[in-house]
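To start, the structure under review is shown below, and the notes come after it.
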Amino acid sequence: MSDTISINGTQHSLPDDPRRSLLDFVRQDLGLTGTKKGCDHGQCGACTVIVNGIRINSCLTLAVMHDGDEVTTIEGLGTPEAPSELQKAFVAHDGFQCGYCTPGQICSATAMLQEIANNWPSDASESLEGEMNVTGEEIRERMSGNLCRCGAYANIVAAIRDVAEESA
């Protein structure tokens, strides 16, 4: 047991308090406030981060459960000077209004596009095997755990679709 966690490529000691959620550890202990606390019950997706390539709700897991893991937050995906392709697409398509859910949406979409590239099916997939298609229905199904109270869903789907088509 190493008692460390990698956040955006930097090693950190795990918190002493085993009850500390990954969300609170990232925000309060490390000062990475891009990841948002929405409902604190895993229902809104505002706290979505990527752990070892898989998107999770950071409010529902304890930091100590991720000993040795690689966690990527929105800060690890891009910067204002060098945004990721999804961050650029969200801006180009106005995929946000208030912006509160945007970090979770972008982290979720980043991992979702990798799921599709890995041919992992969803409930909306035409088949359980073979190549997955990036359709609007597929994107909406896979992003259904990320809520936007402003209702920017059409723009979010358009942004994700643009990036998926560019990388295809």
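Would you confirm whether any residue within region 70-85 is assigned to a helix (DSSP H, G or I) and buried (at least 18 other Cβ atoms within 10 Å of the Cβ)?
yes
Kindly provide the set of residues from region 83-93 that are farther than 16 Å from ASN146 by Cβ and either β-branched (Val, Ile, Thr) or within 18 Å of the chain's Cα centre (by Cα) (or both), ordered by number.
Matches in region 83-93: PRO83, SER84, GLU85, LYS88, VAL91.
Just checking, which of VAL71, VAL26, VAL64, VAL51 is more than 16 Å from the chain's Cα centre (by Cα), modelled with pLDDT of 95 or more and aliphatic (A, V, I, L, M)?
VAL64
May I ask you to verify whether GLN97 is over 11 Å from the mean Cα position of the chain (by Cα) and within 14 Å of ARG161 (Cα to Cα)?
For GLN97, the condition - over 11 Å from the mean Cα position of the chain (by Cα) and within 14 Å of ARG161 (Cα to Cα) - is not met.
If I filter region 2-34 down to residues being in contact with a strand residue (DSSP E or B) (Cβ under 7 Å, 6 or more places away or on another chain) and among the polar types (S, T, N, Q), which single residue comes out as surrounded by the most Cβ atoms within 10 Å (Cβ to Cβ)?
SER21
Among the residues of region 107-158 satisfying the criterion of being without any contact (Cβ under 8 Å) to a residue 12 or more places away in the chain and charged (D, E, K, R), which is surrounded by the fewest Cβ atoms within 10 Å (Cβ to Cβ)?
GLU129
This table checks each residue for (1) in contact with a helix residue (DSSP H, G or I) (Cβ under 6 Å, 6 or more places away or on another chain); (2) assigned to a loop (DSSP other than H, G, I, E, B); (3) among the basic types (Lys, Arg).
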{"residue": "PRO18", "(1), (2), (3)": "yes, yes, no"}
{"residue": "GLN28", "(1), (2), (3)": "no, no, no"}
{"residue": "GLY31", "(1), (2), (3)": "no, yes, no"}
{"residue": "ASP40", "(1), (2), (3)": "yes, yes, no"}
{"residue": "ILE56", "(1), (2), (3)": "no, no, no"}
{"residue": "CYS59", "(1), (2), (3)": "yes, no, no"}
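Has region 97-118 got any residue that is in contact with a helix residue (DSSP H, G or I) (Cβ under 6 Å, 6 or more places away or on another chain) and farther than 14 Å from ARG55 by Cβ?
No; the residues of region 97-118 include none that is in contact with a helix residue (DSSP H, G or I) (Cβ under 6 Å, 6 or more places away or on another chain) and farther than 14 Å from ARG55 by Cβ.
Quick check on GLY42: is it without any contact (Cβ under 8 Å) to a residue 24 or more places away in the chain, within 23 Å of GLU166 (Cβ to Cβ), surrounded by fewer than 23 Cβ atoms within 10 Å (Cβ to Cβ) and of a type in the set (Gly, Ala, Ser)?
no
The values are calculated or read from the model by the stated rules, or taken from the named source; none is laboratory data. All values derive from a computational prediction rather than experimental measurement. So basically every Cβ, Gly included, is an ideal-geometry build from the backbone, and we count neighbours across all protein chains shown.
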